[in-house]
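Some notes on the structure that comes next.
Derivation of every value follows stated rules applied to the coordinates shown; laboratory data play no part. Since the model is a prediction, treat every value here as computed from it, not as a measurement. All Cβ positions, even for glycine, are placed from backbone atoms using ideal geometry, and neighbour counts span all protein chains on display.
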Amino acid sequence: MSTQAVANQLAALPLPPAKARLAAELVQGLDGASLTWLSGYMAGAAAQLHGLPAAVPAVPANQTDTRLTILYGSQTGNAKRVAEGLAEQARTAGLTVNLARADAYRTSELKKERLLYVVISTHSVGDAIEPPDDSRGLIEFLTSKRAPKLPELRYAVLALGDTSYPDFCGIGRQVDERLQALGATRLFARGEADADVDSVAKPWTEQALAKARETAGATAQPVARTSSDGVVTPLHPASSAWSRQRPFTAEVLVNQRIVADNHGKDVRHIELSLEGSGITYQPGDALGVWPRQADALVNAVLETLKLDGDSKVEHDGETRNLREWLTAHRELTALTKPFIAAHAERGNHADLAALTQPEAREQLAELLGTYQLLDLVRQWPATWTAQELVSALRPLAPRMYSIASSQAQVGEEVHLTVAYVHYTHDDEERWGAATHYLLNLAEGDTARVFIDTNDRFRLPADPARDVIMIGPGTGVAPFRAFVQQRQEDGATGRQWLFFGNQHRRTDFLYQLEWQQALRDDALTRLSVAFSRDQEHKIYVQDRLREAGREVWQWLDGGAQLYICGDADHMAPDVHAALVDIVAEHGGKSADEADAWLRQLMAEGRYARDVY
Amino acid sequence: MTDKLSALEHIKADSRYLRGTIAEGLADPLTGAISDPDTKLLKFHGSYMQDNRDIRDERRKQKLEPDYQFMVRLRLPGGVLTAPQWLAMDELAERYAERGLRITTRQTFQFHGIRKEHLRDMIHGINDCGLSTRAACGDDTRNVITSVNPEISSVYDEVFGWALKLKDHVATQTSAYEELWLNDGPADPDAWKKDAEPLYGKAYLNRKYKFGFAIPPNNDIDVFNQDFGLIAIIEDGKLAGFNIAPGGSMGTTAGDPSTYPSLGDLIGFVTPDQLLETCWQSIVVQGTFGDRGDRKHARLKYTIDRNGGLPWYRDQLQSRLSFKLAPPRPYHFTHNGDRFGWVQGEHGKWHLTLSIQSGRLLDDATQKRRTGMREIARIHKGNFRLTCDQNVVIAGVDEADKAAIDALAAQYQLDEYKTASGIRKHAISCVALPTCGLAMAESERYLPTILTKMEVLLAKYDLLQEDIHFRMSGCPNGCSRPYISEIALVGRAIGRYDLRLGGDHAGERLNAVYLENTDEEHILTALDELFGRFAAEREPGEHFGDFIARVGVVVPPARRPALEYA
Ligand code: SRM
Ligand SMILES: Cc1cc2nc3c(=O)[nH]c(=O)nc-3n(C[C@H](O)[C@H](O)[C@H](O)COP(=O)(O)OP(=O)(O)OC[C@H]3O[C@@H](n4cnc5c(N)ncnc54)[C@H](O)[C@@H]3O)c2cc1C
Ligand SMILES: Cc1cc2nc3c(=O)[nH]c(=O)nc-3n(C[C@H](O)[C@H](O)[C@H](O)COP(=O)(O)O)c2cc1C
Ligand code: SF4
């Protein structure tokens, strides 16, 4: 498309005439790369303005004929990353692309679409699966009676999930099946990406591009590239050269336990140096960490399976010895359903195989939640070759940690708050891969990390806006970053933090800092719930209820609400408390209160970062 | 006298009779502490805020506040409690305290490691069984102590009765105590307006004030260590009255020679019916002249010494009394310290004094003495008396019940008094680390180590059975009354102590520094030599401290010139 065409298109947009003219002038004569950059710039500007990507404006029907719409629903940024990558490549390939986060997309557009890709992850609360927060509205719409027939739509879905949860990719499947039921044509089979997202996302993206080109036909013209080596200008030019695939090697500056002795509980405050990396991040972002499995665990696995760590294994075009495969490239601490099924078959274990059947959902969940590879192979022996093992085990995925610092205060450092996952199985020590790895890093050691941006979890752009932060346990991490940032910004809005843990004396994370923040007025209010300091358990949701009237007043007055931490119990319990509060003090029925909160969510004023 | 009031004087005066913001502080969920001014007021209610100093730095790195906790001290006149009360205290210690029961040098119990959220329940629980913590600490009249002297039962009973009356007579009156710890429901915000402190005034005393009754020939309470010492005068087997001896106390400040330990001196005699008036007026004198600007020089000893000495003081007191002070009457102390084992009193009942190292009753892997005492309390029909040497007397035992108590004492290693060396049985150490905020060196935790090393030396000279008084304090405040001891270590820094020598066996002579700010090696070398000399050169029956003073190893300080009586 020529820049003239782009200018024409812009002129058709619902901008005031003067602005439309300016916009048309602005894009005149720009090359594709510059245009792409500009689109990122505009989106960024919109996000700055609203804390949200700009809602995608309605488009006349004739234009939806030729465009590709890519919707994503993402909680922790994976789906977003894949969707953005696809959009980028599609644009480069000359396609007209409408990329939108699910909650920024007008569902009324749906019936006008001709070509739609959906990239969406599955989350869960307890046993029930849930869409990412940004996709609640979309899923509600799709599954409701209001959803239109879509006979002209061709589509495909990439579902993101994690096979260590019993219902793998449930939301993506739901979307896929529903679109078909609404009469749309599935272009190609649904992709189901596991924790190692890219091994499925990459081929899916390639297929999606090829199908889109076919569908869009000859109208598409490849966009000129900026440099001869074919590197595409990234959408977010601000982010540095480091990425998930090219992590930065960061030096550990501090690895400090921040809980007092408490029945073996361990939470670490970890400071990493980003010096020289050029990496920038914002409060709300997470840090991805590539762990390495402990030698002791790798040895135990090798020993139990009677495999030779030095044997060479070629897989996916890479040749490494088995030990290195297991240490740096495969999950050992988390099991997956496909692996369990394969293992059961190999060892001829009918009882184990039975667990992978749909009716044994709960038992499987239990097994996935409490057994590691070693426990499985010990209890249900089976023979594996090195080669087979490497291809059956899930590739190692990086772990995310909410960033607990603001660069405004810490400069080229990034701080984390990491709860050590450890327990015993048959009297033997077991641990989580990444937390064990992090726990054992000494000052001066290094870790491979990258920034996982999370635009859905951002401080309000308006420094006068109040914020309510609910972050029990390590959920408090991003709020340390928030408070630091607001302090540096001299924000005038009030900040109210809800924190909880078991005991004030031993696990009041960052107690001294919060006390100081209160004295400095960087924190307006701190409500704490220490569940085991009294006979009956008290949690943050109880503190919320106690302060219900004021919570409502803050919310009603425009406060932004944030929840971070445990997804299984805390987040739903807190939500329930909020519903009650909004109902009681806002004079609403429970349903209205819930809808009111969902609306806040849709507006980006109620953000969750739960795990 | 300093004119400017110390900051604490304002805190007290503005506290609405010791309320301050204690209630708000207790309710603050963000910290295990209460505010600094409130910690000063809390003392008047019998509790100190402390923190576990062992882990202070560790917690700072953990971004956690210090491990705040509270020490709760009972007010226990004469150290007397009943068996059910013992069991109740044991139960409270189990439920809320971290380091068991701790018998203090003013014959009461301390509980350590109480969490803020339990403080009210703790104090409430103490009151529920008829005991109190009111004025156990603070700038007021402290626990009134009394010789346990079991042999002379009739006089003992009478003196103990006077101790109880004195406690009530000079008690603080504020209803803040009930309001904070005992009453349920919201406090009346105006209640303080109805409060009054006729004796103390709203700023209370300028400093702690201590009364103690000694019953000769036993000076087990170290009567000359009291601000206002009272010596029972027994004539014809009956209590005739009390000699009064003001101006004693131990506390000094390291490196400040204007502070000093001092023994009280006699200024007169009062009959029992004159006792309460005399004590009351002594508080009025201290309230009038005591320094309110400089807490280092605020105790009665400085009030006396800086204003004109004993004559001045006697005049001040006399001018406020409705009767004429009589000259002191004769008495004789044969010893301080406790006498261990069974003794029979006049009423025919038996009393067993047990030696409890540092007064700490705490079960651990190697011993269960606290359990042992609980078992004894379960079968004991009499009461208990805690001693100022941190020991315990099981008092009022029938002949028939002795065996059962002996058996329990043996079973729970409470009968060490039978086998322990003389120095070990009599040793006293203050609490010091990790709870005492003022400690400069270890004391209680170091005592077993240093005793064992000293015993090696004593054994060399066959002195293990010698009753040598050894007292250790973690700082110059002298809570173990080290300045009246034959051998004393006074902490100056971790691992460093002043070695003091030359006290007597009756609490009538101060000791003096022999080695200043030195370490264990030097201490042991010095003691080795002196024990050797003592064994070789002592006169028959001569005590170690008397020997030190006689041969001039140190020169003990003189006491105030004696008063003349018209
Ligand atoms: C528990 C006890 C020592 C023991 O191991 O038994 C004790 C412990 C403390 N004494 Fe004491 N004193 C104790 C008897 C004494 C005595 C002996 C006596 O009164 O017979 C003295 C020496 C006499 C005197 O008053 O000088 C004594 C002189 C001090 C002083 C110095 C006072 C002065 O005038 O300089 C302080 C510091 C102060 O008051 O500023 C002090 C302060 C303290 C404190 C409360 C520390 C503080 O102020 O923060 C100690 C608490 C330690 C802890 O962790 O428990 N304590 N203190 C004794 C409790 C007595 C009671 O039940 O009421
Ligand atoms: C956006 C986001 C932000 C996050 N922020 C933080 C943060 O700030 N701080 C933080 O600490 N974490 C955070 N997490 C969680 C973090 O990413 C990891 O999931 C977590 O640290 C565990 O990783 P691991 O590799 O140690 O454990 P894994 O190796 O992934 O898991 C260990 C396995 O052990 C098993 N297991 C665990 N506990 C038990 C038990 N008690 N009994 C039996 N089996 C058990 C389970 O099967 C589990 O699969 C965040 C996650 C997300 C998605
Ligand atoms: C709290 C939580 C619950 C999850 N529950 C499920 C689940 O039930 N089923 C599933 O397939 N994946 C589950 N996942 C995995 C995510 O779908 C997966 O991490 C995905 O890559 C996230 O994509 P996103 O970052 O775009 O949200 C869960 C992840 C989290 C953090
Ligand atoms: S003597 Fe010093 S260290 Fe020992 S308890 Fe008293 S104040 Fe604390």
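Pop the C-beta distance of B:Tyr565 and B:Leu5 into the FRET formula with R0 = 41 Å and round what comes out to the nearest 0.05.
Efficiency, rounded to the nearest 0.05: 0.65.
Each residue of the range B:177-185 in turn: what ³J(HN,Hα) in whole Hz from Karplus with 6.51, -1.76, 1.60 and θ = phi - 60°, glycine and Pro shown as x?
4, 4, 4, 6, 10, 10, 6, 9, x
Indicate, rounded to the nearest 5 percent, the antiparallel portion of the DSSP beta bridges found entirely in the protein assembly as shown.
Of those bridges, close to 60 percent are antiparallel.
In the neighborhood of B:Phe384, defined by Cβ-to-Cβ distances under 13 Å, what is the net charge if each Lys or Arg adds +1 and each Asp or Glu adds -1?
Surrounding charge for B:Phe384 is +3.
Taking the Cα centre of the protein assembly as shown as the origin and placing charges on Cβ (Lys, Arg +1; Asp, Glu -1), which of B:His112, B:Asn391, B:Thr172 is farthest toward the positive end of the dipole?
The Cα lying farthest towards the positive end belongs to B:Thr172.
Beyond 23 Å, what share of the Cα-Cα pairs of the range A:401-486 remains, rounded to the nearest whole percent? Walk me through the numbers on the way to the answer.
Working: 1299 of 3655 pairs.
The calculated P(r) of the range A:401-486 puts 36 percent of pairs beyond 23 Å.
So what's the convex hull volume per residue for the Cα atoms of the range A:86-140, in Å³?
Numbers: hull volume 5.0 nm³, N = 55.
So the per-residue Cα hull volume is 91 Å³.
Tally Lys/Arg at +1 and Asp/Glu at -1 over every other residue whose Cβ is under 11 Å from the Cβ of A:Asp134; what's the total?
+2
Tell me, what ³J(HN,Hα) does each residue in the range B:38-52 have, in order and in whole Hz, if you take phi through Karplus 6.51 cos²θ - 1.76 cosθ + 1.60 with θ = phi - 60° and put x for Gly and Pro?
5, 4, 5, 6, 4, 4, 5, 8, x, 9, 10, 7, 9, 9, 6
Between A:Gly309 and residues 5 or more places away or on another chain, which pairs have amide H atoms under 5 Å apart, with H built 1.01 Å from N, and which residues are they?
none
If I take the Cα coordinates of the protein assembly as shown and project them onto the principal axes, what are the three extents in Å, biggest first?
Extents along the principal axes: 129, 69, 52 Å.
Compute the convex hull volume of the Cα atoms of the range B:106-181, divide it by the residue count, and report the result per residue in Å³ as a whole number.
111
Once phi is turned into θ = phi - 60°, what whole-Hz ³J(HN,Hα) does the Karplus curve with 6.51, -1.76 and 1.60 give for every residue of the range B:281-289, x standing for Gly and Pro?
5, 5, 5, 4, 4, 5, x, 7, 9
Kindly provide log₁₀ I(q)/I(0) values, in the same order as q = 0.06, 0.08, 0.11 Å⁻¹, from the Debye equation applied to equal alpha-carbon scatterers of chain A.
So the normalised log intensities are -0.34, -0.61, -1.20.
Students often check this: by mean Cβ neighbours within 10 Å, which of A:534-540, A:403-409 ranks highest, and how do the rest follow?
Most protected by this proxy first, the peptides run A:403-409, A:534-540.
Report, by chain and number, residues whose modeled amide H sits under 5 Å from the one on B:Arg509, excluding near sequence neighbours (fewer than 5 apart, same chain).
B:Asp504
Considering only C-alpha atoms, what is the centroid distance from the range A:473-532 to the range A:369-446, in Å?
Value for the Cα centre distance between the two parts: 28 Å.
So which cysteines of chain B have no other cysteine's Cβ under 4.7 Å from theirs?
B:Cys129, B:Cys137, B:Cys279, B:Cys388, B:Cys436, B:Cys475
For the protein assembly as shown, give the magnitude of the charge dipole about the Cα centre (Cβ charges: +1 Lys/Arg, -1 Asp/Glu; no others), in debye to the nearest 20.
2020
Please list, ordered by chain and number, the residues whose modelled amide H lies under 5 Å from the amide H of A:Thr96; skip anything fewer than 5 residues away on the same chain.
Result for A:Thr96 returns A:Leu68.
Give me log10 I(q)/I(0) at q = 0.15, 0.22, 0.26, 0.28 Å⁻¹ for the range A:539-591, Debye formula, one equal scatterer per alpha-carbon, no solvent.
Summing over Cα pairs of the range A:539-591 leads to -0.38, -0.81, -1.07, -1.18.
Have a look at B:Leu205, B:Pro246, B:Pro217 and report the one farthest towards the positive end of the charge dipole of chain B, computed about the Cα centre with Cβ charges (Lys/Arg +1, Asp/Glu -1).
B:Leu205
Could you order the peptides B:332-342, A:493-503, A:563-573 from most to least packed, using the average number of other C-beta atoms within 10 Å per residue?
On the way: B:332-342: 17.6, A:493-503: 22.1, A:563-573: 20.5.
For the peptides B:332-342, A:493-503, A:563-573, the packing ranking is A:493-503, A:563-573, B:332-342.
Give the peptides B:109-121, A:290-302 in descending order of average Cβ contacts within 10 Å, highest first.
On the way: B:109-121: 21.0, A:290-302: 18.4.
In decreasing order of mean packing, B:109-121, A:290-302 become B:109-121, A:290-302.
Between A:Gln245 and A:Asp261, what is the label-point separation in nm under the 7 Å Cα-to-beta-carbon projection?
4.9
Using helices alone, I'd like the mean residue ellipticity at 222 nm for the protein assembly as shown: each DSSP H run of four-plus residues gives -39500 (n - 2.57), total over residue count, nearest 500.
It comes out at -10500 deg cm²/dmol, rounded to the nearest 500.
Kindly identify the range B:189-286 as rounded, prolate or oblate by the Cα gyration tensor criterion: order the square roots of the eigenvalues as a ≥ b ≥ c, call it rounded if a/c is under 1.5, otherwise compare a/b with b/c, prolate if a/b is larger, else oblate.
oblate
Between the alpha-carbon centers of the range B:171-231 and the range B:351-369, tell me the distance in whole angstrom.
Going from one Cα centre to the other spans 30 Å.
May I ask for the distance between the Cα centers of the range B:242-296 and the range A:576-604, given as a whole number of Å?
About 69 Å separates the Cα centre of the range B:242-296 from the one of the range A:576-604.
So what's Rg/Rh here for the range B:203-259, counting alpha carbon atoms and using the Kirkwood radius for Rh?
Result for the range B:203-259 is an Rg/Rh of 1.12.
For peptide A:250-259, compute the average count of partner chain beta-carbon atoms within 10 Å of each residue's beta-carbon.
2
Compute the signed sum of charges (Lys and Arg +1, Asp and Glu -1) over the other residues within less than 11 Å, Cβ to Cβ, of B:Ser355. Let's see the in-between values first.
On the way: positive: B:Arg339, B:Arg369, B:Lys418, B:Arg424, B:Lys425; negative: B:Asp338, B:Asp389, B:Asp415, B:Glu416.
So the environment of B:Ser355 carries a net charge of +1.
Roughly how many nanometres apart are two label points built 7 Å out from the Cα toward the Cβ at A:Asp489 and B:Ser154?
According to this spin-label approximation, the distance is 8.7 nm.
Quick one: give the max-minus-min coordinate of the C-alpha atoms of chain B along each principal axis, largest first, in Å.
70, 63, 52
When Cβ neighbours within 10 Å are restricted to other protein chains, what is their mean count per residue of peptide B:111-119?
Per residue, the average neighbour count from other chains is 1.
What fraction, in whole percent, of alpha-carbon pairs in the range B:233-333 exceed 25 Å separation?
25
Per-residue mean of other chain beta-carbon atoms within 10 angstrom of the beta-carbon, peptide B:62-70?
Mean inter-chain Cβ contacts per residue within 10 Å come to 6.
Over chain A, what relative contact order in percent results from Cα pairs under 8 Å that are six or more residues apart?
13
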